[in-house]
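Notes to accompany the following structure.
None of the figures in this text is laboratory data; all of them are computed from the coordinates on show. Note that the structure is a prediction, hence the values are computed from the model and not measured. Cβ: placed from backbone, ideal geometry, glycine included. Neighbour counts: every protein chain shown.
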Amino acid sequence: MRDYNPDGRRRKLRGSIMPKFLARPLISGLAGRVGLAWTMLVVTAGGALAQSDHGAAPGGDAAHGAEHASGGLPQLDATAFAPQLVWLGITFIALYFLMSKVALPKVAEVLEERQERITNDLDRAGDLRKESSVVMAGYEKALADARAHAQSVMAATAADISSVTAGRQAQFNTDLAAKTRATEDRINEAKGTALASVRSVAAEIAQQTAEKLAGIKVDASAADAAVGAVMQERG
């Protein structure tokens, strides 16, 4: 199994000693249980063999056989310790050989592969965390740049709108003032024309009235002057 490496290069396995260190308690417990079971089995079998040998002995052992028949434990018979110890030694050596050559290497290999997988997963998680941090930093930077650009564009647009609005307002005020002056000039001109017409008509009416009522013939210039004086008094 290869370690996860974004560059594609094989990295040396870290913590390969750790699985063996972790495997020692498990292997010791397993070996102890198996050894205890084998020891009990061998002791029981040896006791049974010793009991059968004593049962087949001549009459001198009849009392001892009677003692065994009365409920004594053959495993505790001192005369059967030697074969039991021999079988115990043979069984222990065989069990130690099997455990050291077959069971323990397999267990250590399984634990080492598991630790290697965990190490690879942790390395990959660390790399992914770094990549996500880089991506998040880039996203935040891009978002900040976009916000700053949007604010600058909005400020420039607002300034352009204000400038255009101010220019249009000034042009509108200028045009309005010019149109107002032109209108006032036309009104004053029309007013002057109307007043001149009214003055001449009033002078003619005054001449005719004076001639008809008083029989006085008034000169046109005098009538115009009199009408002008009256109009000036009334504003």
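Six or more apart or on different chains, Cβ under 8 Å: which pairs go from a residue in the range 210-223 that's surrounded by 12 or more Cβ atoms within 10 Å (Cβ to Cβ) to one that's in a loop (DSSP other than H, G, I, E, B)? Could you list them?
Ala210/Ile216; Ala210/Lys217; Ala210/Val218; Glu211/Lys217; Glu211/Val218
Look through Asp145, Asp160 and report the one residue that is over 33 Å from the mean Cα position of the chain (by Cα), surrounded by 10 or more Cβ atoms within 10 Å (Cβ to Cβ) and not aliphatic (A, V, I, L, M).
Values: Asp145 fails: over 33 Å from the mean Cα position of the chain (by Cα).
From the options Asp145, Asp160, the qualifying one is Asp160.
For Lys191, indicate whether it is in a helix (DSSP H, G or I), of a type outside the set (Val, Ile, Thr) and exposed (fewer than 10 other Cβ atoms within 10 Å of the Cβ).
Working: in a helix (DSSP H, G or I): yes; of a type outside the set (Val, Ile, Thr): yes; exposed (fewer than 10 other Cβ atoms within 10 Å of the Cβ): no.
In short, no.
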